[in-house]
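What follows is a short report on a single structure.
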Amino acid sequence: MKIVVGLGNPGSKYADTRHNVGFMVVDSLARVAGIGLKKKGHQALYGVGHVAGNEVLLLQPQTFMNLSGTSVASACKATQTEGGDVVVVHDDIDLPFGVVRVKVGGGHGGHNGLRHIIQLTGNDFVRVRVGVDRPPAGGDTAAFVLRPFSASEKKDITKVLDHAASALETVLRSGAQQAMCEFNGQDVLND
């Protein structure tokens, strides 16, 4: 089994914010795959189905971002899934809005959700990083990622979410290396 984790914060207050782009991508993949995210367990909403020929558990931790590792560790333990079969989708302020990059391992880069997952499960999972841009110079990063996308970004968000979901499907079908080759040089909004 593969576990695909979308990072975000629960509740309508955070639903359309930059920090919840991981939830949004998993929602997009779930729609395409016909997987409902209605089950409750592992301190998360989740659904089980098939994507790209693999049995997958799609997971949206409901612990708030900084405690995401609790949910991920629980799902990994229950399914006996190792880090290499876990894919985490998350927002990344170090990438321009809309850029999607696939990476294996590494540090947390200041992302508290990743920090907690690494603390509890190690760092050998695959990441699908979705660019949400940086705040303006001198801006508060925490406040920025908890804000909704701008009006111009909202026009492109569906394209970005679909692109990130395609990257996830490629990871599941062909592995992280192939997904890196296919997606890491692309810019879906400017190609």
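Throughout, read-outs are computed from the coordinates displayed, never taken from laboratory work. Being a predicted model, the structure only gives us computed values, none of them experimental. Here Cβ is always computed from backbone atoms with ideal geometry, including for glycine, and neighbour counts include all displayed protein chains.
Computed with the Debye formula from one identical point scatterer per Cα of the range 44-151, without solvent, the log10 of I(q)/I(0) at q = 0.18, 0.23 Å⁻¹ comes to -0.95, -1.38.
The Cα atoms of the range 117-191 give a gyration tensor whose axes a ≥ b ≥ c have a/c of 1.5 or more with a/b no greater than b/c, which makes the shape oblate. Protection proxy ranking of 20-29, 103-112, 87-96, by the mean of other Cβ atoms within 10 Å over each peptide's residues and highest first, is 20-29, 87-96, 103-112.
3J(HN,Hα) couplings calculated from phi for the range 56-66 with the Karplus curve 6.51 cos²θ - 1.76 cosθ + 1.60 (θ = phi - 60°) are, in sequence order, 10, 10, 8, 10, 10, x, 10, 8, 6, 3, 5 Hz; Gly and Pro show x. Note: relative contact order over the chain, using C-alpha pairs below 8 Å and six or more positions apart, is 26 percent. Amide hydrogen proximity for V99: with H placed 1.01 Å from N in the peptide plane, the residues at 5 or more positions away or on another chain lying under 5 Å are G131. Karplus-based coupling profile of the range 134-144, in residue order and whole Hz: 9, x, x, 3, x, x, 7, 4, 4, 5, 4, with θ = phi - 60° in 6.51 cos²θ - 1.76 cosθ + 1.60 and x standing for Gly or Pro. Across the range 20-34, computed HN-Hα scalar couplings (Karplus, 6.51 cos²θ - 1.76 cosθ + 1.60, θ = phi - 60°) run 9, 4, x, 4, 4, 5, 5, 4, 4, 5, 4, 4, 4, 8, x Hz from first to last residue, x flagging Gly and Pro. Counting lysine pairs in the range 2-183 whose alpha carbons fall under 24 angstrom apart, excluding pairs fewer than 8 residues apart on the same chain, gives 16.
Once the gyration tensor of the Cα atoms in the chain is diagonalised, the equivalent ellipsoid follows with semi-axes of 23, 19, 16 Å, ordered largest first.
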